[in-house]
């Protein structure tokens, strides 16, 4: 995790959930409508630049110049602040991915069943992210990664990792350029949405194909294999 997620509400709805005012950012009521966001694509990323909030399309994937492998898409919250790969991003490249939920695949041998995981109230989620700044949509190697945390309780039965989804107040603190790297570590530990607030259900295996993009992908199915 995180390998696929949904970002389908409007910018207005995400910003309302963060209590951002129209003066902070250009609002747009048109639904984004992405039900199958995959790595390697441009994703609307909320970040702070020049005392303003910006929501820009940024490549999901990151690899510094010395990295000779495929770009990474996730960073572990437990090690990102200190490791060679992500330490600089943790300090100066914190961002938020507004989302409505994410997909995980439960596995048993060769059988895989996707699940859609979301807030019980269906309110927006705000995934902690870190990336290369200034964010550049035209440089796919210098994009962003989603920060992940360990799963617990019922979620661990589906996957042992999950995106670090922050409460709205914590998300804004995470974005604040005056927040230190050490304070960001505390936010990652204390500002996450409680695992009791999540719900999940099995969905169609069509989500495994990035060509499938419609709202039917998040609908619960009755014939789940796992």
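Computed values, structure above
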read-out	value
Failed item in (1) crowded, with 20+ Cβ neighbours inside 10 Å; (2) modelled with pLDDT of 95 or more, with residue 158 passing the rest	(2)
Per-region count, segment 182-202, residues in contact (Cβ under 8 Å) with a residue 24 or more places away in the chain and not in a helix (DSSP H, G or I)	8
Selection count where residues are surrounded by fewer than 17 Cβ atoms within 10 Å (Cβ to Cβ) and in contact with a strand residue (DSSP E or B) (Cβ under 6 Å, 6 or more places away or on another chain), scope segment 120-135	1
Count of residues meeting criterion [within 23 Å of residue 218 (Cβ to Cβ) and outside any loop (DSSP other than H, G, I, E, B)] in segment 34-65	12
Selection count where residues are touching a helix residue (DSSP H, G or I) at 6+ places or on another chain (Cβ under 8 Å) and on the phi > 0 side of the Ramachandran plot, scope segment 37-67	0
Within segment 169-199, considering residues that are surrounded by 18 or more Cβ atoms within 10 Å (Cβ to Cβ) and in contact with a helix residue (DSSP H, G or I) (Cβ under 7 Å, 6 or more places away or on another chain), the one farthest from residue 149 (Cα to Cα)	173
Residues (within 21 Å of residue 72 (Cα to Cα) and surrounded by fewer than 20 Cβ atoms within 10 Å (Cβ to Cβ)) located in segment 143-155	149, 150, 151
Which listed residue is free of Cβ contacts under 8 Å to residues at least 24 places away in the same chain, outside any helix (DSSP H, G or I) and surrounded by 13 or more Cβ atoms within 10 Å (Cβ to Cβ), from 210, 221	221
Where residue 29 falls short, out of the listed (1) exposed (fewer than 15 other Cβ atoms within 10 Å of the Cβ); (2) in a loop (DSSP other than H, G, I, E, B); (3) touching a residue at least 40 places away in the same chain (Cβ under 8 Å)	(3)
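The values are calculated or read from the model by the stated rules, or taken from the named source; none is laboratory data. Please read these numbers as outputs of a predicted model, since none were measured by experiment. Please note: Cβ atoms are built from the backbone with ideal geometry, for glycine as well, and neighbour counts cover all protein chains shown.
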